[in-house]
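Q: Before I ask anything, let me first share the structure, which is written out below as structure tokens.
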Amino acid sequence: MPRKPTPAERQHFKRRMAHRRQIAGSLEEWRASAFHHALEQFDAAARRLRLTENQIAMIKLPRRITEVRLPVRMDDGTIHNFRAFRVQHNIARGPAKGGIRFHQDVNLDEMKALAFWMTYKCAVVGIPMGGAKGGIVVDPRKLSLGERERLSRRYMAEMIDLFGPDRDVPAPDVNTGPQVMSWMMDTYIMHKHDYLPGVITGKPTELGGSAGRQSATSRGIVICIRKAAARLGLDLKGATAAIQGFGNVGSYAAKFLAEDGVKIVAISDADGAYRNPGGINVAAAMDFVARRGSLRGFKGGTPMRRPMQLLELPVDILVPAALENQITAQNAPRIRARILAEGANGPTTPDADEILARKGVFLIPDILCNAGGVTVSYLEWVQNRMGYYWTEERVNEDLQRIMATAFDNVHQTMRRQRVTMRIAAFIVGIRRVAEASAMRGLYA
Ligand code: NAD
């Protein structure tokens with residue numbers, strides 16, 4: 001006879017079902033929902049922290065969700081309406097902060113998850129900002145440069161009241177970069193008639209961007225990998241790595257790892273995966289992508305028939321640096337890496353997490369591992385507000401200190417509380433957000 005659930009278990013089950021109804025209709029959607037995964041991670045850490053229902057009510061769900069249609073005149077004269085979002089999850093610790101993504105699969109569920117992760121990511125590294133995320137449903141490869149500019153400007157114009165250096169500060173994410181940030185900053189300034197570069201980060205240095213921002217996420221990833229390797233007794237010289245996603249985050253991570261003596265044996269992007277057991281020439285691959293726009297046709301490795309198999313290669317270090325939900329219960333049993341460094345946001349589902357933990361994989365969770373980007377975005381915002389700019393060495397020193405401290409903090413929490421690195425990171429982040437929220441109290 002199965003035993004009867006305890007009242008606490010019944011309560012927990014009821015809460016999960018309520019979330020499921022809030023988030024997704026079918027079980028299928030529920031399983032694929034990144035936001036559902038995010039809430040599962042929250043619940044696991046909140047239970048450890050023994051948060052009260054009232055504390056949870058203040059910090060768990062997004063505060064403000066904005067959805068708009070952006071009419072844009074295309075080059076052929078037609079007007080196309082693009083669906084766009086901005087989700088502000090929590091601003092207890094400071095202005096909202098989070099990237100803007102251009103992708104054909106952008107949806108509200110994903111935006112909510114990404115905004116949620118930003119709140120706790122900022123808290124894990126101790127920067128005084130909250131969490132947000134934005135996106136436009138568009139495949140930017142199908143737009144001309146002019147169409148991309150009009151779309152970027154319309155996004156900022158349509159949402160202008162949400163943004164501001166003390167309100168909500170966007171940054172680049174998938175398929176957006178310094179150029180899109182420049183157009184958006186210009187649009188904001190044209191409306192406000194004030195020079196306020198701190199409204200957006202990830203700008204080119206000519207427009208108040210920070211030295212070192214472009215590669216900061218990847219530098220942070222490599223700082224974490226070095227620390228994990230030291231704890232495992234793994235010598236990075238001669239170690240091997242595979243990198244999924246060869247965009248901003250993945251390519252610089254490959255570059256910095258190679259500089260540490262790691263052999264990069266496979267890389268991939270949306271157009272295919274390439275393997276080279278002798279080691280991919282990272283500089284040549286970066287140069288190829290800069291010229292051709294993607295890895296398609298890259299000759300420095302053998303094309304893999306099933307790009308997803310890159311994740312299952314026998315390597316020391318695996319860096320998923322593309323999109324969410326790549327490592328699932330299906331492929332997790334076949335992951336052979338010793339260190340899994342999450343460059344992307346949400347690449348691993350909660351059921352895969354459990355499998356990887358049982359296998360003893362050293363997983364560096366996204367809200368810690370890729371926090372170098374938002375850390376230097378914060379330093380950019382600080383410099384914009386001072387009107388005084390630091391050298392790249394100074395920025396990298398701060399990044400090193402902040403990331404190393406955060407890693408040690410999370411690792412210590414993991415050992416003390418006997419939890420996974422992911423839950424430990426959430427414990428650190430959630431505790432800080434919950435404390436700030438309690439000290440501010442409820443305005444009513
Ligand atoms: P990007 O647009 O520069 O690069 C994304 C890369 O992933 C591209 O090479 C693309 O072709 C590839 N890709 C897309 N689908 C793929 C697939 N199915 N298989 C393999 N590759 C695929 O974006 P980015 O800024 O490098 O962001 C990558 C990830 O890192 C995202 O999850 C993003 O949220 C996260 N992130 C980015 C930053 C940042 O500072 N840019 C900071 C923190 C986290």
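Q: Does at least one position in region 88-99 carry a residue that is of a type in the set (A, V, I, L, M), closer than 24 Å to Ser33 by Cα and within 13 Å of the ligand (Cβ to nearest atom)? Don't jump to the end; show me each part of the working.
A: Going through region 88-99, the residues of a type in the set (A, V, I, L, M) turn out to be 91-92, 96.
Those still in the list that are closer than 24 Å to Ser33 by Cα too: 91, 96.
Okay, now just the ones that are also within 13 Å of the ligand (Cβ to nearest atom), so none.
No: region 88-99 contains no residue that is of a type in the set (A, V, I, L, M), closer than 24 Å to Ser33 by Cα and within 13 Å of the ligand (Cβ to nearest atom).
Q: Return yes when Tyr274 is within 16 Å of the ligand (Cβ to nearest atom) and more than 17 Å from the chain's Cα centre (by Cα) and no when it is not. Before you say what the answer is, go through the steps one by one.
A: Values: within 16 Å of the ligand (Cβ to nearest atom): yes; more than 17 Å from the chain's Cα centre (by Cα): yes.
Criteria met by Tyr274.
Q: Same structure, new question: Residue check, Gly343 against (1) in contact with a helix residue (DSSP H, G or I) (Cβ under 6 Å, 6 or more places away or on another chain); (2) touching a residue at least 24 places away in the same chain (Cβ under 8 Å); (3) more than 10 Å from the ligand (Cβ to nearest atom); (4) over 21 Å from Ala44 (Cα atoms), all met but one. Which one?
A: So Gly343 meets the others, but not (3).
Q: Pick out the one residue from Ala157, Ala115 that is closer than 13 Å to Val374 by Cα, of a type in the set (Gly, Ala, Ser) and either without any contact (Cβ under 8 Å) to a residue 60 or more places away in the chain or assigned to a helix (DSSP H, G or I) (or both). Quick ask: steps written out before the conclusion?
A: Numbers: Ala157 fails: closer than 13 Å to Val374 by Cα.
Residue meeting the stated conditions: Ala115.
Q: Of everything in region 207-241 that's in a loop (DSSP other than H, G, I, E, B) and closer than 17 Å to Glu392 by Cβ, which residue is farthest from the ligand (Cβ to nearest atom)? It would help to see each step written out before you state the result.
A: So the first thing to find is which residues in region 207-241 are in a loop (DSSP other than H, G, I, E, B), and the list is 208-215, 233-239.
Next, only the ones that are closer than 17 Å to Glu392 by Cβ stay: 208-215.
Working: Gly208: 17, Gly209: 12, Ser210: 12, Ala211: 15, Gly212: 12, Arg213: 8, Gln214: 8, Ser215: 9 Å.
The residue in question is Gly208.
Q: Assess whether Val382 counts as being under 26 Å from Ile364 (Cα atoms), among the aliphatic types (A, V, I, L, M) and at pLDDT 95 or above.
A: Working: under 26 Å from Ile364 (Cα atoms): no; among the aliphatic types (A, V, I, L, M): yes; at pLDDT 95 or above: yes.
Judged against the criteria, Val382 is not a match.
Q: Same structure again: When the residues of region 71-96 are filtered to those that are of a type outside the set (Val, Ile, Thr) and in contact with a His (Cβ under 9 Å, 6 or more places away or on another chain), which remaining residue is nearest to Gly131 (Cα to Cα)? Walk me through how you get there before you give the answer.
A: Keep residues of region 71-96 that are of a type outside the set (Val, Ile, Thr), which gives 71, 73-77, 80-86, 88-90, 92-96.
From what is left, the residues that are in contact with a His (Cβ under 9 Å, 6 or more places away or on another chain) are 71, 73-74, 96.
On the way: Pro71: 27, Arg73: 32, Met74: 33, Ala96: 5 Å.
The residue in question is Ala96.
Q: Determine which single condition Gly77 fails, assuming it passes every other condition in (1) over 19 Å from Thr119 (Cα atoms); (2) part of a strand (DSSP E or B).
A: If we test Gly77 against (1) over 19 Å from Thr119 (Cα atoms); (2) part of a strand (DSSP E or B), just (2) comes out false.
Q: Same structure, new question: Given (1) within 18 Å of Tyr120 (Cα to Cα); (2) touching a Phe, Trp or Tyr at 6+ places or on another chain (Cβ under 9 Å), where does Gln383 come up short, assuming only one miss?
A: Answer for Gln383: the failing condition is (1).
Q: In region 418-444, what residues are farther than 21 Å from Met403 by Cβ, not in a loop (DSSP other than H, G, I, E, B) and not hydrophobic (A, V, I, L, M, F, W, C)? Even if it seems obvious, please write down each step before you answer.
A: Residues of region 418-444 farther than 21 Å from Met403 by Cβ: 418, 434-444.
Checking the rest, the ones that are also not in a loop (DSSP other than H, G, I, E, B) come to 434-440.
Glu435, Ser437, Arg440 - these are the residues of region 418-444 that are farther than 21 Å from Met403 by Cβ, not in a loop (DSSP other than H, G, I, E, B) and not hydrophobic (A, V, I, L, M, F, W, C).
Q: Just the residues that are among the charged types (D, E, K, R) and under 18 Å from the mean Cα position of the chain (by Cα), please, taken from region 77-95.
A: Arg86
Q: What single numbered condition from (1) surrounded by fewer than 16 Cβ atoms within 10 Å (Cβ to Cβ); (2) over 24 Å from the mean Cα position of the chain (by Cα); (3) more than 11 Å from the ligand (Cβ to nearest atom) fails to hold for Asn331?
A: (2)
Q: Here's something else I'd like to know. Determine whether region 187-201 contains at least one residue that is more than 27 Å from Met74 (Cβ to Cβ), under 18 Å from the mean Cα position of the chain (by Cα) and either at pLDDT 95 or above or not basic (Lys, Arg) (or both). Please lay out each step first, then the result.
A: Step one: list which residues in region 187-201 are more than 27 Å from Met74 (Cβ to Cβ), which gives 192-199, 201.
Restricting the remaining residues to those that are under 18 Å from the mean Cα position of the chain (by Cα) gives 201.
With the extra rule that they be either at pLDDT 95 or above or not basic (Lys, Arg) (or both), the set shrinks to 201.
There is at least one residue in region 187-201 that is more than 27 Å from Met74 (Cβ to Cβ), under 18 Å from the mean Cα position of the chain (by Cα) and either at pLDDT 95 or above or not basic (Lys, Arg) (or both).
Q: So which residues in region 353-378 are aliphatic (A, V, I, L, M), crowded, with 24+ Cβ neighbours inside 10 Å and part of a helix (DSSP H, G or I)?
A: Ile367, Leu368, Val374, Val376
The values are calculated or read from the model by the stated rules, or taken from the named source; none is laboratory data. Keep in mind that what you see is a predicted model, and the values were worked out from it rather than measured. Note: ideal-geometry Cβ built from the backbone for every residue, glycine included; neighbour counts use all protein chains shown.
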